[in-house]
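One structure is given here, and the rest of the page talks about it.
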Amino acid sequence: VAKRKWQSLSKTSKNTNVDRWGMWKRVTPIQSMDDYINGKGDIVIRLISNNDFDEIGIDYMNLSLGIEEALPTPSSPPAPSPPTVISKGDSFVYDLPGKQSTYDKKVIFIDLFDTNKKDIASIRSMGKVVICYFSAGSFEDWRSDKSAFPINAVGNPLGEWPGEFWLDIMNDDVRTIMKARMDLAKNKGCHGVDPDNVDGFDNDTGFSILKWQTKDYIQFLASQAHERGLLIGLKNSAEIATQVEQYFDFAVVEECWEYNECCQYISFGTQMKPVFAIEYRSVKQKLCAKFENNGFSTNFANYALDQIWFCPEETRHLDASVSDKESSRKLAFCSK
């Protein structure tokens, strides 16, 4: 912009202020679109340079514009959370493969499809809280309801997980299937649900999933769970965790220490909601103290979840310092 007037890129000797720009600067984030829309309503992208002597030789230029809308206001108030049976700091075991012969922790995570109603009733009879896992954002080709998914709602493969593919979370049929899974959880006697793979906005899904769409979807999941009297947890999704915490009763976070994301879930603890953290590594006693001093409950495991290790009792008062090697990177928890 020269003298607050719109300029066009050109290659004429008459407009040297434009032609001789040569060093580009990316301007982000955009706080207001007002300066990017002209009097005709056209969106105009301005390339700015502080170089007034080097001519531009552009062979290829790709400009992309993404607009994220505000989360739509629900047509009806969300259902209130059911009376909580879990608390911040509760012990847990993430036993999706069903390998544990007995349970001495308070909160038990099991697979919704692979655990029958009788076994869930048995776990509950021991005074345990049962949270049932299912994937809300991926198609799994071994599940009993796989034929219900429309082909056009199945996207790219999910990383290194054979037989698993991302879903189009804005597809109505997908949402109908998730309602049925919530019904199954209710009928089997689960206290709550742990819907996985809801962070498609941050992955190559094969669909253009934006953050606002993800927020809309997980708000839908939370509302459906609460309507059935089920607790529901937010799985991972660090980038939007603080924005959607209000809809959830707990969080399940995988390797937040490894990826420097634990800070994003502090708001759950502030509201006295449990954060169940899983680190795929052997037990580190000082990490146990670090987690527990921040109110997180912790499991250590291998990726197959057929080996699970727990923090020693009474780690909360141990020295929570970490090794020099780990101190050399940004630590996972917020500075106090």
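List of remarks:
- Near residue 133: Cβ cut-off under 11 Å, other residues only, Lys/Arg at +1 and Asp/Glu at -1. The net charge is -3.
- Within the accessible area of the stretch 77-183, the carbon and sulfur atoms contribute 52%, probe 1.4 Å, all protein chains present.
- Neighbourhood net charge (10 Å Cβ-Cβ; Lys/Arg +1, Asp/Glu -1) for residue 270: +1
- Residue separation of residue 286 and residue 173 scaled by 0.36 nm, minus their Cα-Cα distance, works out to 36.1 nm of gained length.
- Per-pair calculated FRET efficiency, R0 = 22 Å: residue 304 and residue 146 via Cβ, rounded to 0.05: 0.50
- Radius 11 Å from Cβ of residue 224, net charge of other residues (Lys, Arg +1; Asp, Glu -1): +3
- Residue-span extension gain [residue 118 to residue 271] - 0.36 nm each, minus C-alpha spacing: 51.7 nm
The values are calculated or read from the model by the stated rules, or taken from the named source; none is laboratory data. In this text the structure is predicted, and so the values were computed from the model without any measurement. Please note: Cβ atoms are built from the backbone with ideal geometry, for glycine as well, and neighbour counts cover all protein chains shown. For accessibility, only protein heavy atoms count, side chains too; no ligands or nucleic acids. Shrake-Rupley method; radii C 1.70, N 1.55, O 1.52, S 1.80 Å.
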